[in-house]
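Read through the structure below, which is laid out as structure tokens, and then see the notes.
The values are calculated or read from the model by the stated rules, or taken from the named source; none is laboratory data. This one's a predicted model, so the numbers in the text were calculated from it and none came from an experiment. With ideal geometry, Cβ positions are generated from the backbone for all residues, glycine too; neighbour counts draw on all protein chains shown. When the accessible area is computed, the model is the full protein with side chains, heavy atoms only, and any ligands, DNA or RNA have been set aside. Shrake-Rupley method; radii C 1.70, N 1.55, O 1.52, S 1.80 Å.
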Amino acid sequence: MAAEREGMTSKDYYFDSYAHFGIHEEMLKDEVRTMSYRDSILSNKHLFQNKVVLDVGCGTGILSMFAAKAGAKHVIGVDMSNIIDKAKLIVEENGLSDKITLLKGKMEEVVLPFDQVDIIISEWMGYFLLYESMLDTVLLARDKYLAPNGKIFPDTATMVISTIEDGDYKEDKLSFWDNVYGFKMSCIKETAMNEPLVDTVESRVINGSQCTFKTIDILTVTKEDLAFSAPFELSITRDDYVHAFISWFDIEFRACHKPIRFSTGPFSKYTHWKQTVFYTRSTLAVCKGDTIKGTIACAPNAENPRDLDINIDYKLEGKEESAEEHLKYRMC
């Protein structure tokens, strides 16, 4: 086993991590996530009746089973993680082996038993929507297999940015490295500054408006569109301090008879995606009505495409102070 792991790439570790049951337990227990998918499928049986469905990154097979219960003619689940071996047992245990075919391998390499599919379902989202996401794989499946006028569940994702007051946590997270039992570890402080924090943020610390900076239509987006630079403008909602930007995403199933959506934001129920925090180097003293304008750029890292390089450029023209910064982060 050790010899096998020595030759593993970061991408191999990514897929290997999804063989562990704890990850799937966390996702299945995320009721916002799982029930949104369940409701989008089972409340729209008229869309699934007698249709061929492809589940990209099927994991334990829960979405495949929802589709089968909704009346699909046949469901094909694809996953290259070893969890699919358990998924086959789960499908058999639930008496759905005649309706669901599970294939182990990469989407670009497996051979489906159908030339086309009517619907693609996938839970592809990662932290900050795009970190370690499977969207590239979904797009590959879409371009290769989805029939004309076919549907994708979900079909729309939006990315949102705002600001927060987070002085205590920022102090604890960053200043800790200035004196670690009497020793300075400033090199780690610099690394910590450049790495976004994924955590649950309380809505009470949000002190800016919410700005949607990226909307992704899964039916039409291209891989190239996922490297982007987008403007944002935020209005400060109270006299306060800004210690960081915060981002989250919303997901929509617009193909449904009655569209279903869920949010991973701090004003909504907890999801395992939480929120992503980008600490600023400066602490900004802001007043109600102040405006922060900027751009946020995101692209896959050149060395490891599953990592993200994220840059935030902002400018504050406030009543009490003005400031601007160029901030570079890497999600890895």
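For Leu28, the requirement of being assigned to a strand (DSSP E or B) and either modelled with pLDDT under 95 or crowded, with 20+ Cβ neighbours inside 10 Å (or both) is not met. For the stretch 105-127, the count of residues that are farther than 25 Å from Asp30 by Cβ and small (Gly, Ala, Ser) is nonzero. Against the definition (charged (D, E, K, R), farther than 15 Å from Glu233 by Cα and surrounded by 15 or more Cβ atoms within 10 Å (Cβ to Cβ)), how does Asp313 come out, yes or no? No; evaluated as a whole, the condition is false for this residue. Among the residues of the stretch 54-83, those that are at pLDDT below 95 and either part of a helix (DSSP H, G or I) or in contact with a Gly (Cβ under 8 Å, 6 or more places away or on another chain) (or both) comprise Met80, Ser81, Ile83. For the stretch 129-138, name all the residues that are open to solvent by 10 Å² or more (accessible area, probe 1.4 Å) and of a type outside the set (Ser, Thr, Tyr). Within the stretch 129-138, Leu130, Glu132, Met134, Asp136 meet the criteria. Does Ile246 satisfy the criteria of being within 18 Å of Leu135 (Cα to Cα), open to solvent by less than 70 Å² (accessible area, probe 1.4 Å) and part of a strand (DSSP E or B)? Spelling it out, it is not the case that Ile246 is within 18 Å of Leu135 (Cα to Cα), open to solvent by less than 70 Å² (accessible area, probe 1.4 Å) and part of a strand (DSSP E or B). If you check Glu165, Glu171, Glu202 for being farther than 14 Å from Gln275 by Cβ, in contact (Cβ under 8 Å) with a residue 60 or more places away in the chain and either open to solvent by 50 Å² or more (accessible area, probe 1.4 Å) or of a type in the set (D, E, K, R) (or both), only one passes: Glu165. All of Ser175, Ser162, Ser133 fail the test of being modelled with pLDDT under 95 and not in a helix (DSSP H, G or I), apart from Ser133. Of all the listed residues (His257, His272), the sole one being open to solvent by less than 20 Å² (accessible area, probe 1.4 Å) and in a loop (DSSP other than H, G, I, E, B) is His272. All of Asp155, Asp143 fail the test of being open to solvent by 20 Å² or more (accessible area, probe 1.4 Å), at pLDDT 95 or above and more than 17 Å from Val32 (Cβ to Cβ), apart from Asp143. With respect to the conditions (1) of a type outside the set (D, E, K, R); (2) more than 17 Å from the chain's Cα centre (by Cα); (3) under 24 Å from Val198 (Cβ atoms), Cys256 falls short on a single one, namely (3). Applying the criterion of being out of contact with any helix residue (DSSP H, G or I) (no Cβ under 9 Å at 6 or more places or on another chain) and open to solvent by 10 Å² or more (accessible area, probe 1.4 Å) to the residues of the stretch 74-94, the residue that is nearest to Ile121 (Cα to Cα) is Lys88. Being of a type in the set (Val, Ile, Thr), in contact with a Gly (Cβ under 6 Å, 6 or more places away or on another chain) and touching a residue at least 12 places away in the same chain (Cβ under 8 Å) is not true of Thr158. Scanning the stretch 42-66 for residues that are touching a strand residue (DSSP E or B) at 6+ places or on another chain (Cβ under 6 Å) and open to solvent by 40 Å² or more (accessible area, probe 1.4 Å) yields one hit, Lys51. Taking the criterion of being part of a strand (DSSP E or B) and of a type in the set (Gly, Ala, Ser), would at least one residue in the stretch 190-200 satisfy it? So far as the stretch 190-200 goes, no, none of its residues is part of a strand (DSSP E or B) and of a type in the set (Gly, Ala, Ser). Within 15 Å of the chain's Cα centre (by Cα), assigned to a loop (DSSP other than H, G, I, E, B) and over 30 Å from Asn44 (Cβ atoms): is that true of Arg306 in this structure? Yes; evaluated as a whole, the condition is true for this residue.
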